[in-house]
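S.K.: Questions regarding the structure given below will be posed in turn.
The values are calculated or read from the model by the stated rules, or taken from the named source; none is laboratory data. For clarity, every value in this text was computed on a predicted model and none was experimentally measured. Positions of Cβ are backbone-derived with ideal geometry, glycine not excepted, and every protein chain shown enters the neighbour counts. To get the accessible areas, we keep the full protein, side chains included, count just its heavy atoms, and leave off ligands, DNA and RNA. Shrake-Rupley method; radii C 1.70, N 1.55, O 1.52, S 1.80 Å.
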Amino acid sequence: MRVHNAVVLVTGANRGIGSALVTAFLERGATRVHAGARDPGTLAAVTAQDPERVRPLALDITDPTSVSSAALTAADVTILVNNAGVYAMGHLLEMDLRDVETVMNTNWLGTLRVLRAFAPVVEGNGGGAVANIISVGAFGGTPSMGAYPASKAALNALTQAVRPDLAPRGITVHAVFPGPVDTDMLRLASAGLPAMADFPRATTADVARAIVDGIEAGAEEIFPDPFAEQIGEEWSHDPKAVERRLTTIA
Ligand SMILES: NC(=O)c1ccc[n+]([C@@H]2O[C@H](COP(=O)([O-])OP(=O)(O)OC[C@H]3O[C@@H](n4cnc5c(N)ncnc54)[C@H](OP(=O)(O)O)[C@@H]3O)[C@@H](O)[C@H]2O)c1
């Protein structure tokens, strides 16, 4: 999939990995990037990079009306990047079930909702690509990270399940498994997880460029930073070792 002249939608584009993805797609020659955010007022710095090519888009992936309205507005999309996500710390047996629901409703159901709305759009534009930002956390249930690993494991299964459905419609599907990336999410999560303090942190810019490289290369699995590559390699021959590594973080 060539990014040059593509029209991209990035969900959760106002900060973190999403904001860096907008920059990476612009660098690689995308014609237009729709920058999705719950509050488009938070997109000023992102759109200022290139006001002609970056279009702010109101998009709350948990809100069906917001998603269908975004699919009408961004009707020229050929590459969809499902980046928006949340986490909530806590142990599954004790934490507030409403926090569990929010994580599953955003990371899994919200992503599916966006995918269902935009698959016909991408197909109607001649085909393209979908990249789902999962996490290496999908490979093991870190106890204190609540529903986050479960939501990402479910997102991985969703990604695998839609790949054969979308292939005949001319849409490639990419599963992205970042390791720790220096964003608000990681800073807040590691505050409650001292074991993560020593983990190497990739920059959002490096990770975003590696994701764009992976989409262009047609990689079904993208491990966009050195820690992720290491986990991916270990997981391919010893998934139990990865499970042990991730479940003993805390
Ligand atoms: N950072 C890491 O170490 C890491 C590692 C592996 C995977 N990931 C994944 O990478 C993705 C981006 O994470 P990040 O680290 O960049 O986190 P972040 O800085 O916390 O950004 C999360 C983004 O998702 C948006 N979002 C949350 N709920 C939304 C909703 N209902 N509708 C639309 N947008 C919503 C946020 O918007 P608001 O500003 O409105 O909250 C924000 O733009 C997530 O899927 C995350 O799970 C991150």
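S.K.: So, by mean Cβ neighbours within 10 angstrom, what's the order for 206-213, 35-42 with the highest one leading?
M.R.: Taking the mean over residues of other Cβ atoms within 10 Å, the ranking is 206-213, 35-42.
S.K.: What's log10 of I(q)/I(0) for the range 1-51 at q = 0.26 Å⁻¹, Debye sum over Cα points only, no solvent?
M.R.: -0.95
S.K.: Follow-up question, since we're still on this one. Per DSSP helix of 4 or more residues, -39500 (n - 2.57); summed, then divided by the residues of the chain. What does that give at 222 nm, rounded to the nearest 500?
M.R.: Counting only the DSSP helices, I get -13500 deg cm²/dmol.
S.K.: I've got another one for you. Short version: what are the Cα gyration tensor semi-axes of the range 18-157, square root of 5 times each eigenvalue, largest first, in whole Å?
M.R.: Output for the range 18-157: semi-axes of 28, 16, 15 Å.
S.K.: Picking from Pro56, Met1, Met89, whose Cα lies most toward the positive end of the charge dipole for the chain (charges on Cβ: Lys, Arg +1; Asp, Glu -1)?
M.R.: Farthest along the dipole direction, towards plus: Pro56.
S.K.: Can you give me the three principal axis dimensions of the range 206-247 from its C-alpha atoms, in Å, biggest first?
M.R.: 32, 18, 12
S.K.: In addition: P(r) of the range 132-201 in 5 Å steps, Cα pairs, percent per bin?
M.R.: Whole-percent P(r) values from 0 Å outward: 3, 16, 21, 22, 14, 9, 7, 5, 2, 0.
S.K.: So what's the gap between the Cα centers of the range 144-168 and the range 28-53, to the nearest angstrom?
M.R.: Using only Cα atoms to place each centre, the spacing works out to 27 Å.
S.K.: At a 1.4 Å probe, what is the % contribution of carbon and sulfur to the accessible area of the range 7-247?
M.R.: 55
S.K.: Just order 5-18, 185-198 by mean Cβ neighbour count inside 10 Å, highest at the front, would you?
M.R.: Highest mean packing first, the order is 5-18, 185-198.
S.K.: Using all alpha carbons of the chain, what is the percent of pairwise distances in each 10 Å bin, ordered from the shortest bin to the longest?
M.R.: The distribution over the chain is 8, 33, 38, 18, 3, given as percents.
S.K.: Another question, then. Per residue, how much accessible area does the range 1-98 have with a 1.4 Å probe, in Å²?
M.R.: Solvent-accessible surface per residue comes out at 46 Å².
S.K.: Could you pull the Rg and Dmax for the range 164-241, using just the Cα atoms, both in Å?
M.R.: For the range 164-241, the Cα radius of gyration and maximum Cα-Cα distance read 14.7, 46 Å.
S.K.: Run the numbers for Glu234 and Met95: contour at 0.36 nm per residue of separation, minus the present Cα-Cα distance, in nm.
M.R.: In short, 46.9 nm is gained.
S.K.: I would also like to ask the following. Roll a 1.4 Å probe over the protein chains and send me the accessible area per residue for the range 102-248 in Å².
M.R.: Heavy-atom accessible area per residue stands at 41 Å².
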